[in-house]
Amino acid sequence: MHHANHFYGHAHVLARYCGLGDGHPPRINGYLQHGWNIGDGLAPGHPYVEGTPSLLWSEQTRRRAWSVGRRNVVVTGAPFGYLLSLRPEEPPAQEREGTIWYPFHGWEGQHVRGDHRELIARILDTEPGPVTVCLYWHEHRMRRVRRLYERAGFRVICHGYRGHWWSDTDPLFLDRQLTELRRHRRVASNRLTSAIFYGIAAGCEPAVYGDPMILADEDPTFGGTARIRRQWPELHGESVHLPTAVEIARAELGTDHRCTPAELRELLGWANLQEETR
Amino acid sequence: MTTETPPRIALPGGEMLAWSDLPERRLPDGGPLVALVARLVPAGARVLLAGPHDPALLDRLAHAEVTWLLRSLPDGVALAERAGGRSVGVLVGGPGGLPTGKTFDVVVAASGLDAVESVEGPRIGWDGLLERLAGVLAPGGTLLLRLDNPAGLTRMVSATPWYAGRGDAEWAVGGALDVGRPANLDQLRGRLAGVGLRPGGCFAAYPDAAAPTALVDVAALDGRPTSGLLDAMLHGACAGGHAGRPVLQDPARLAVDALHSGLAGALAPGWLALAHRAPADAGRPAGPGPAEPGGPGGPGGLPVALAQTGPPGLGVVEVTAATDGWRWRVADPVEPAAGAPFATREAAWRDPAAHTGPVPEGRLLRTVLLDACLRRDLDTLRRLLRGYADWLAGHADAAGRLAGATALASPDNVVVADTDVVVAGAAPAFAVLDASWRASDPWPVDVTLARGLWRFAAALATGGYAHPWSSTLDVAGLTVVLAGAAGHDLDRATVAAAVDAEAAVAAALRGLDGAARTALADELRAVEPTAPPPGSDSHQQLREAWLRQRAELTRLQALLRWTEDLLTSRERALRRADATINLLSGSLSYRVGRLAVTPARLARRGARAAKRRAADALRPRPTGEERR
């Protein structure tokens, strides 16, 4: 299994959905799209084996992937959708309140350039209620960045470590994220990212505003932030039309393409598991 | 060779002594062609059968006065013997042997005109032959004439080019290049009008003009390009009709594509055209009246379609046009087979009585699903498959079982009532197309669903159709995925049961015996997506299967290389981890710690041993009886 399939505990969520329990998930015969993506659904720069199925979130991504030469591209929907199915709307422990804000993050190999102070001021001006800032683990460990947000009076959290090379994957990453999202009334970020779509699917009102920041060595192949703003203008702004946002999130997360457990077991190559792989 | 001739055979000249035209391959009771001729001939009519025809025709024309013109003497002798005491006039000779001054109410040349001409005597060509036959047609009479399509489906799929004919019958090869004969329907109608006849309707003969198992009104083919009935009929005729013969491409696919393009009439392997001579006076009763092409019914009040389906002995199924749509009719009523399933324990049986009601209208589910697969339209696929599964479930009894025709309702025998409704998003409406086949015992609804989807999955994968899923799925996996799209979680055990059920039903449909039945079941269980469709010998499909195998091999090789690389990297990581462990276990702090915990470890080990001994001692000992 490609190690990226383990990111954010995606493989763990799918294994639970398929009825394989909470243990270590079996190898997936394919590549899981591990984040919302304006390209072919796969992370640029990763080594991929030709002909191995790509398991993508949305029909639009499937068409795009096909058009750039990918084959065996199958729409299975986002793992987050499967988590929602495993954890349908629970009775809220408390009333939804405030905003969960996701400052845009790169990954370990990239660094974000931008002014966090300016962003904090914009958040304070915009958000009506208490703000929880969720930092990527990488930035959460940077004391300087974390302190900036804490000093602004925000609650600062991190959903966990996404894992790398099968090590230290937090199998409850998405669970934790869903729990947090369901505690908040709004979800916001300075870029349209997976978290915004997850938030909409979890019942939050979305907002995308503020300096989108610059990612060092950002891959311009698929058009970058400028294209995202052109293609999804409806999702940008301090307040957006909720029914439209819900419809777009449904398409982008492939909620309608969610497979049944037996169907997913076939598509992931889990239909004929040998005991030792489980 | 003896030339002794039975007294009832007339030899007007031009007979062929060492020749036979009678077909080697015959359909039971002559098939749809004989059924059509029987409908065409009114009681007491004078009929000329020009050229070789199935001898079964004699039995079906017992109500008429038959004269038979043949060029082969052995055929003539055989027919005269078969006719027995009946008064059948057998003429053996060339076209010049037709009696002068005698006319006929119906002239049938359903083997085409080439088979009327003898090698002996002067050649008079296609037009000359037509003129001769038209000349003996009585006023008000009807001519039924076969013409093979020089650019028809049979020639398109044939692995042997038409112009390379080396067979005994091909002492002259006719084709599209010969302007002395018509090459399409318009030219045929022109030729008929040229000899003073009024062209009537026309039947397209599928899959082979020489032995059609389906005869369909050309006007219906042109006017109803999306009809589920015509789709299933042409597909069934072509899929079964070319089995065992090598072809360039799948004739069933080509026929259904031609239907949808409005070309199933134009590309038919051959045609059976009707033409009429104007009555001498309006009062004279004659055969079926002429009908305008494109009318709502079949030509001249004849059926819209006649088809031979299923195992031998079940007769020809007809479809007739009524004011409220098409209706089934069985040409030859067969005894209801109520006792049969219980006597033979076949998985399925046929109830001809089911062929009485209206033919359900709509598109064939298989075709609509294929289209959605090719367009990779997952939304439509889910809606259709969910609708199909829900429709099946809606017919289940309290125990979740389906009985009768619904138990066998697979996408190739189910029509979707209104495509517009499907596209618009409302629940699609389904109906069993041919409800005459019934399951002998009720089936769990999941087995019916799995069988229907397995049949579709097998056709999809082995046929090499594009679809929205991965090529790594096997047929059972694809079936489970299709069921998932239908909202049903099927397990592989249900799919395996469905394949067994499919083998049993197919054996009943084809009338297979024990050994053939086992072989069929083995063949179905072994269907692989990288193989061509079972039973087909199509160059295009074989090549596609080879390409799929090659792609799969390339994928597996790439995967193997990646796995090797990964294994190397993981082994390296393991070696590093080993080195770290060794380093740590050799350190002073590790040794001191280990020394400190050793007494505790020994004590724990001793306590466990003591506990085990005590437990053994306290366990009740088995008596001598128990030991045995």
Point to revise | the range B:366-416: trypsin sites (Lys or Arg not before Pro) falling in loop per DSSP and having at most 11 other Cβ within 10 Å | key: none
Point to revise | Residue-wise HN-Hα coupling along the range B:594-606, computed from phi with Karplus coefficients 6.51, -1.76, 1.60 (Hz; x: Gly, Pro) | key: 5, 4, 5, 8, 4, x, 5, 5, 5, 4, 5, 4, x
Study note, to complete from the structure: Counting sequence-distant residues (5 or more places) and residues on other chains, those with an amide H built under 5 Å from that of B:Trp68 are B:Leu49, B:Gly89, B:Val90, B:Leu91
Review point. Can you list residues whose amide H is under 5 Å from A:Ser54's amide H, if they're 5+ apart or on another chain and H is modeled 1.01 Å from N?
Key: A:Tyr31, A:Val73, A:Val74
Review point. Near the amide H of B:Phe104, under 5 Å away, which other amide H atoms are found, from residues 5 or more places off or on another chain, if H is placed in the peptide plane?
Key: B:Leu137, B:Ala138
Check your understanding: Along the positive direction of the dipole of chain B (beta-carbon charges: Lys, Arg +1; Asp, Glu -1; about the Cα centre), which of B:Ala50, B:Thr356, B:Ala64 reaches farthest?
Key -> B:Thr356
Review point. What is the P(r) of chain B, as percent of Cα-Cα pairs per 10 Å bin from 0?
Key: 3, 13, 21, 20, 14, 10, 6, 3, 3, 3, 2, 1, 0
Revision key, fill the gap. Per 10 angstrom bin, beginning at 0 and ending with the bin that holds the maximum distance, the Cα pairs of the range B:454-594 fall in percents of 10, 26, 23, 14, 9, 9, 7, 2, 0
Exercise for review: Count, for each residue of B:368-378, the Cβ atoms from other chains sitting within 10 Å of its Cβ, then give me the mean as a whole number.
Suggested key: 1
Revision key, fill the gap. Using the Kirkwood radius over Cα pairs of the range B:1-158, the Stokes-Einstein translational diffusion coefficient at 4 °C and 1.567 mPa s, in µm²/s and rounded to a whole number, is 81 µm²/s
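Would you mind giving the mean number of other chain beta-carbons within 10 Å of the Cβ of each residue in B:484-490, as a whole number? All intermediate terms of the calculation are to be shown ahead of the outcome.
Values: counts 10, 4, 2, 2, 3, 8, 4.
Partner Cβ neighbours, averaged per residue: 5.
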Check your understanding: When the Kirkwood hydrodynamic radius is evaluated over all pairs of different C-alpha atoms of the range B:67-164, what value in angstrom, to one decimal, is obtained?
Key -> 15.2 Å
Check your understanding: Mind ordering B:589-599, B:267-277 by average Cβ neighbours within 10 Å, highest first?
Key -> B:267-277, B:589-599
Review point. Rg and Dmax of the range B:360-537, using alpha carbons, in Å: what are they?
Key: 15.4, 49
Point to revise | Debye intensity ratio I(q)/I(0), log10, the protein assembly as shown, q values 0.10 Å⁻¹ (C-alpha model) | key: -1.12
Review point. Average partner chain C-beta neighbours within 10 Å, per residue of A:69-76?
Key: 4
Check your understanding: For the range A:129-138, in order, what is each residue's ³J(HN,Hα) by Karplus, 6.51 cos²θ - 1.76 cosθ + 1.60 with θ = phi - 60°, in whole Hz (x at glycine and Pro)?
Key -> x, x, 10, 9, 9, 9, 9, 5, 3, 5
Review point. Looking at chain A from every direction and averaging, what is the projected area of its Cα convex hull in nm²?
Key: 14.2 nm²
Point to revise | Normalised per residue, the volume of the convex hull around the Cα set of the range B:2-73 (Å³) | key: 102 Å³
**Study point:** Whole-angstrom gap from the range B:486-553 to the range B:191-246, using each part's C-alpha centre
**Key:** 29 Å
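Any read-out appearing in this document is the output of simple, stated calculations on the displayed coordinates, not a laboratory observation. Just so we're clear, the structure is a prediction, and the values are computed from it rather than from any experiment. Every residue, glycine as well, gets a Cβ built from its backbone with ideal geometry; the counts of neighbours run over all protein chains shown.
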